[in-house]
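Student: Before I ask anything, let me first share the structure, which is written out below as structure tokens.
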Amino acid sequence: MFESLSDRLQNIFSGLRGKGRLTEDDINSAMREIRMALLEADVNFKVVKQFTADTKQRCLEAEVLESLTPAQNVVKIVLDELTKLLGENDAKLNTSSRIPNVIMLVGLQGSGKTTAAAKLAYLLKGKGHVPLLVAGDVYRPAAADQLETLGGEIGVKVFRGDGKDPVQIAKDGVRYAIDNLRDVVIVDTAGRLHVDEQMMDEAAAIKEAVKPEEILMVVDAMTGQDVVNVASAFAEKVEFDGVIMSKMDGDARGGGALSLKQVTGKPIKFISAGEKPDSLEEFHPDRMAKRILGMGDVVSLIEQASKIQAEEIEEEQAERLARADINLNDFLEIRRQVNKMGGISKLLSAMPGGDKAMAEGNVDMKALDRMETVIYSMTAHEREHPEVLNASRRQRIAAGCGLTVQDVNQVMKQFNETRKMVKQMMRKQEQAMGNRASR
Ligand code: GDP
């Protein structure tokens, strides 16, 4: 998703970077190109108009034109405005002190509602909640079975009730949750092919009966800016709080995601990019905007890495990391974790410029295999104490694995860079923890 928009915008910025100073004409022509790029990405016309007007006004301020790095300033302004368009701040789930909290999902048939219910249950379970799924879609014959299967996969109980009256099922579901100590109830509701009266009335009746803390509308990113029409029509009858945008892994152009907040006022709270239960993520507008502009999403990556590490890291390794240092065994381990996180291509796509580098074939996959070969040719002592690797040892290693000393030096250079990065990251984390503790 967003690939073609992302390419277009990055090309526009490369054009600007080529110029030392920017004139008003340069800005005007860049804004025209941005406008075209957004329209082609299927962003709502009014949203595009407002976006380019605001961006242009900020870019034409003297500070930008007269600065020594005008192109960088333009990128920064576009980043700000894109973030604003996507919702500015992270939108959290509404909660209350009532137990259980109730979350109701609404949306058209096929939008991904039933799977989203299970994914959300899985995500909340991971945060320590004990959710209950309620099968409120009584019209699509397989919906309750589908939910039951998904619930089985993720270890979350599914309540089916009498299987006939959705309002009663929702009420009974909440009662069941109270009796069985579940702290969150997620109610799946019936969808239709189009927004129609009966669906709205039913959603309104369930809302009235169980008074959910949060109503989330599930929309399919593949339907482009049409999601805006569906969401607006829905909001007229059943006021909802936020959106789960599904199928972000498809080749949708991104218009829906970029138009939704501005037109309907409803924030995207979660995005889903896959069919598996773990493919739902909280939505962060700033990270998404950075990704669109090819600046990568390193924060999500580090979060994911630390999640894996928290689960699997060895005690001894954890100690070394606490000392903010790594050796070559850790370096190999990091490489293995990368594979677990979906391989180098997923990792690269979260890095600044990574998608582009891959598309252009600038990533030397063989170099990654070389790295493993070189490290495996070292003795255990050398891996643990990289500082002993002098010129003669490097020569021996090169000969041992049939590569050149330059190859070994290259690996050591990469290792030293990673080591430096880990030190910086750990220091930042310590500072952040220190700040939190002193608050
Ligand atoms: P519902 O009718 O709204 O309940 O839709 P479902 O939850 O049954 O989803 C419809 C189809 O979309 C199913 O085949 C899902 O596996 C698929 N689906 C849902 N979310 C995603 C997603 O984020 N990515 C992909 N690729 N498929 C999805």
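The values are calculated or read from the model by the stated rules, or taken from the named source; none is laboratory data. None of the values given here were measured: they were computed from a predicted structure. Using ideal geometry, Cβ is built from the backbone for each residue, glycine included, and neighbour counts are taken over all protein chains shown.
Student: Is it fair to say ASP220 is crowded, with 21+ Cβ neighbours inside 10 Å, modelled with pLDDT of 85 or more and in contact with a strand residue (DSSP E or B) (Cβ under 7 Å, 6 or more places away or on another chain)?
Tutor: On the way: crowded, with 21+ Cβ neighbours inside 10 Å: yes; modelled with pLDDT of 85 or more: yes; in contact with a strand residue (DSSP E or B) (Cβ under 7 Å, 6 or more places away or on another chain): yes.
Considered against the rule, which asks whether it is crowded, with 21+ Cβ neighbours inside 10 Å, modelled with pLDDT of 85 or more and in contact with a strand residue (DSSP E or B) (Cβ under 7 Å, 6 or more places away or on another chain), ASP220 comes out as yes.
Student: From ALA37, ALA41, ALA30, which residue is modelled with pLDDT of 85 or more, touching a Gly at 6+ places or on another chain (Cβ under 6 Å) and surrounded by 15 or more Cβ atoms within 10 Å (Cβ to Cβ)? Break it down stepwise before answering.
Tutor: On the way: ALA37 fails: touching a Gly at 6+ places or on another chain (Cβ under 6 Å); ALA30 fails: touching a Gly at 6+ places or on another chain (Cβ under 6 Å).
Only one candidate passes the filter, namely ALA41.
Student: Something else about it: Could you tell me whether any residue of the range 145-158 is under 24 Å from PRO277 (Cα atoms), under 26 Å from the mean Cα position of the chain (by Cα), aliphatic (A, V, I, L, M) and within 13 Å of the ligand (Cβ to nearest atom)?
Tutor: Taking every residue of the range 145-158 in turn, at least one turns out to be under 24 Å from PRO277 (Cα atoms), under 26 Å from the mean Cα position of the chain (by Cα), aliphatic (A, V, I, L, M) and within 13 Å of the ligand (Cβ to nearest atom).
Student: From the residues in the range 87-115 that are within 17 Å of VAL227 (Cβ to Cβ) and crowded, with 24+ Cβ neighbours inside 10 Å, which one is farthest from the ligand (Cβ to nearest atom)?
Tutor: So the residue we want is GLY87.
Student: Still on this structure, I have one more. Determine if the range 120-134 includes at least one residue that is touching a strand residue (DSSP E or B) at 6+ places or on another chain (Cβ under 9 Å) and near the ligand (Cβ under 9 Å from one of its atoms). Full working, then the answer.
Tutor: Of the range 120-134, the ones touching a strand residue (DSSP E or B) at 6+ places or on another chain (Cβ under 9 Å) are 120-125, 129-134.
Checking the rest, the ones that are also near the ligand (Cβ under 9 Å from one of its atoms) come to none.
Checked against the condition, which is being touching a strand residue (DSSP E or B) at 6+ places or on another chain (Cβ under 9 Å) and near the ligand (Cβ under 9 Å from one of its atoms), the range 120-134 yields no hits at all.
Student: Can you name every residue in the range 383-392 that is part of a helix (DSSP H, G or I) and closer than 11 Å to MET412 by Cβ?
Tutor: Step one: of the range 383-392, the residues part of a helix (DSSP H, G or I) are 383-384, 386-388, 391-392.
Matches in the range 383-392: PRO386, GLU387.
Student: If a residue must be among the β-branched types (Val, Ile, Thr) and assigned to a loop (DSSP other than H, G, I, E, B), how many such residues does the range 115-138 contain? So that I can check it myself, show each step before the final result.
Tutor: From the range 115-138, those among the β-branched types (Val, Ile, Thr) are 115, 130, 134, 138; that's our starting set.
Filter once more, keeping what is assigned to a loop (DSSP other than H, G, I, E, B): 130, 138.
Number satisfying all stated conditions: 2.
Student: With the range 176-283 as the region, which helices (runs of 4 or more DSSP H) entirely inside it contain at least 3 residues that are within 14 Å of the ligand (Cβ to nearest atom)? Give the derivation first.
Tutor: Values: elements: 197-210, 226-237, 255-264.
Passing ranges, in order: 226-237.
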